[in-house]
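See structure below.
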C-alpha cells in the first residue's frame, strides 16, 4: 500500500473523511464560531486505514517539501494520531521523523513540560506541526508558539482538512504556510 500513488491514497482519504468524519449539524467550534457542519477528524485518524493514509500522506508531504523536518507533532489530542502515524510510516520508509506532542496545559508534576518527546529532538530541530482540522488556525498557532518556545524550529504546517474559514490566511499573517491534504469543498462534493 505504500507504493500506491499519492493521489489515489488522497482520494481514498477523502472518501473515508466523507463516510466517517463529516457531519451536517449545528456545532460550536473551538474558535467559538457556530457552524452547520462538523468534521470529526479523529474518527478517520483513529481508523486503521485512515491512520495509514494520513500517516503516509503527511510523510510524503514532509519528504517532498525539502524543508528537512525531523519531528512531527502538534496540539494534543487532534495531532496525536497524525504525528504517531507519520512517524511510524517515516521509519518504515527508512528516514525516521520523530513524533512529539504539545500539551494544552503544562504537565502539573515532574518536568512541567509543554512539549513531550523533546528527548528525541535537540534544540533547533526543524519540525512539522500537524492538525486534524483547521478553521481559523488558532489551535495550530498555539502549537507553533509552544514548540518554538521549547526550542524547536517550525518549518512546515500541515492540516488534514482545511475548513476554508481563514486558517490559511491567519497562518500566513504569522509567517507560516498551511498545507492541506483535503479541502472542505472536496469532502462536500461527494
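The values are calculated or read from the model by the stated rules, or taken from the named source; none is laboratory data. What you see is a predicted model; the values in this text were computed from it and never measured. So basically every Cβ, Gly included, is an ideal-geometry build from the backbone, and we count neighbours across all protein chains shown.
Details
- Per-region count, region 107-153, residues in a helix (DSSP H, G or I) and in contact with a strand residue (DSSP E or B) (Cβ under 8 Å, 6 or more places away or on another chain): 10
For every residue, the table says whether it meets (1) loosely packed, with under 13 Cβ neighbours inside 10 Å; (2) on the phi > 0 side of the Ramachandran plot; (3) assigned to a helix (DSSP H, G or I); (4) touching a strand residue (DSSP E or B) at 6+ places or on another chain (Cβ under 8 Å).
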| position | (1), (2), (3), (4) |
| --- | --- |
| 4 | yes, no, no, no |
| 9 | no, no, yes, no |
| 13 | no, no, yes, yes |
| 17 | no, no, yes, yes |
| 20 | no, no, yes, no |
| 24 | yes, no, no, yes |
| 36 | yes, no, no, yes |
| 52 | no, no, yes, no |
| 55 | no, no, yes, no |
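- Look at (1) more than 12 Å from the chain's Cα centre (by Cα); (2) in a strand (DSSP E or B); (3) touching a residue at least 60 places away in the same chain (Cβ under 8 Å) and you find that residue 158 fails only one, number (1).
- Test: residue in region 119-136 that is farther than 16 Å from residue 70 by Cβ and surrounded by fewer than 24 Cβ atoms within 10 Å (Cβ to Cβ): yes
- Residue in region 91-106 that is part of a helix (DSSP H, G or I) and under 15 Å from residue 69 (Cβ atoms) present: yes
- Screening region 60-81 for residues that are more than 11 Å from the chain's Cα centre (by Cα), free of Cβ contacts under 8 Å to residues at least 40 places away in the same chain and part of a helix (DSSP H, G or I) and picking the one that is surrounded by the fewest Cβ atoms within 10 Å (Cβ to Cβ) gives 64.
- Any hit, region 38-53, residues being out of contact with any helix residue (DSSP H, G or I) (no Cβ under 8 Å at 6 or more places or on another chain) and at pLDDT below 95: yes
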